[in-house]
Structures are given as structure tokens and as C-alpha cells.
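What follows is one structure encoded as C-alpha cells, with my remarks underneath.
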């Protein structure tokens, strides 16, 4: 093989080699969630909304209500108690959760991210920390649909967790529940709360 053939082979090989990203993705999933969240929020609302699995959001929210009703939240208002008592474990519909998570874009996501500089940390508030704790057995009188929700939620937590996100360019913070998923990102977001 002559010098010219070697040079051509090297150019061809380097042209076909995958390029390395400028900033390698964080190895830690919680850190990757925070970095992707910042990027999505700075991009636009649709990018932010695309991070969530709304079927899972609907399950998780109904399950949180049951545990809050059972005493996890000590200061529920009477109207919240009445609402949560009527729920039978039927997850909220995807359309409702997409709308609600979308409504959080300006008041939670944009406020927290601001101009960026986000980091992953442990949630700051007690409720934010509770979001990532496993769901213990429910009382026998609980409607049976909740057991499937509890099983799903504990599976998601086993393959993810909760991360607090705080950003140098924003204000306040958020707590996000996430789980690994077989998609291009490698995870889905399940819920978002003020932290």
C-alpha cells in the first residue's frame, strides 16, 4: 500500500468515525436528568413536556394522594381530604397530566432553570425527599387498584429515584422523580414538584 493509499484510508476512517460530543453526557443518571432538564427548558415548552411519561405521571399522582390521605401529609385541607377519599385508584388520564405538567413550565421549570447552571442534588424539602421513598403496604381497606400503582411506582423507584434540581441562573428548586426507560434518553420523568 503506497503513501497515498494510507493517507486516503486514514481520511476515510476519520470521516466515518463517530464524533465525540463537546461535553460528554454525565455518567450519573440523576446528573443527566438535571442536564437534560436544563437543556429542554431552555429550548422550549414542547422539549420540556417530551421528557415525561404521562401515563406514569397519572399513576404516581393518584398514588401520592392515597399516601397523603393516609397520613403522609399532616396538614391536608378538608377539600383535599374529601377529594382523596373519593379516589379509587384509577390513574389520572394522560391528557390531564400533559396539561398540568405543561402548566408547570413557567411557574416551576422556567423559574428554576432561569438562564441555566443547573445541578443535581438531594431534594431540599421533606415532601421532595418523600417522593423518592418506596411505598409501603397499604391498609386492607384500600381500594384494590392501588396495589398495581404501588407495584409500578416501586419498580420505577428501583430503576431511578428522585433528584432535586437547583440552578445558578434561576430561583427556587424542583424535585423530579425519574426512572430508566428503553428510549433514546434512557429515562422518563414521572412527576415534578416545587422544592
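The values are calculated or read from the model by the stated rules, or taken from the named source; none is laboratory data. For clarity, every value in this text was computed on a predicted model and none was experimentally measured. Here the Cβ positions follow ideal geometry from the backbone for every residue, glycine too, while neighbour counts run over all protein chains shown.
Data overview
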quantity: Residue within region 173-184 that is closer than 14 Å to residue 111 by Cα, more than 11 Å from the chain's Cα centre (by Cα) and assigned to a loop (DSSP other than H, G, I, E, B) present; calculated: no
quantity: Enumeration of residues in region 54-75 that are surrounded by fewer than 21 Cβ atoms within 10 Å (Cβ to Cβ) and in contact with a strand residue (DSSP E or B) (Cβ under 8 Å, 6 or more places away or on another chain); calculated: 61
quantity: Residue in region 54-73 that is assigned to a loop (DSSP other than H, G, I, E, B) and at pLDDT below 95 present; calculated: yes
quantity: Meets criteria (closer than 21 Å to residue 37 by Cα and either surrounded by 14 or more Cβ atoms within 10 Å (Cβ to Cβ) or without any contact (Cβ under 8 Å) to a residue 24 or more places away in the chain (or both)) for residue 136; calculated: no
quantity: Residues of region 86-117 satisfying the condition of being in contact with a helix residue (DSSP H, G or I) (Cβ under 7 Å, 6 or more places away or on another chain), touching a residue at least 60 places away in the same chain (Cβ under 8 Å), surrounded by 16 or more Cβ atoms within 10 Å (Cβ to Cβ) and assigned to a helix (DSSP H, G or I); calculated: 101, 105, 109, 113
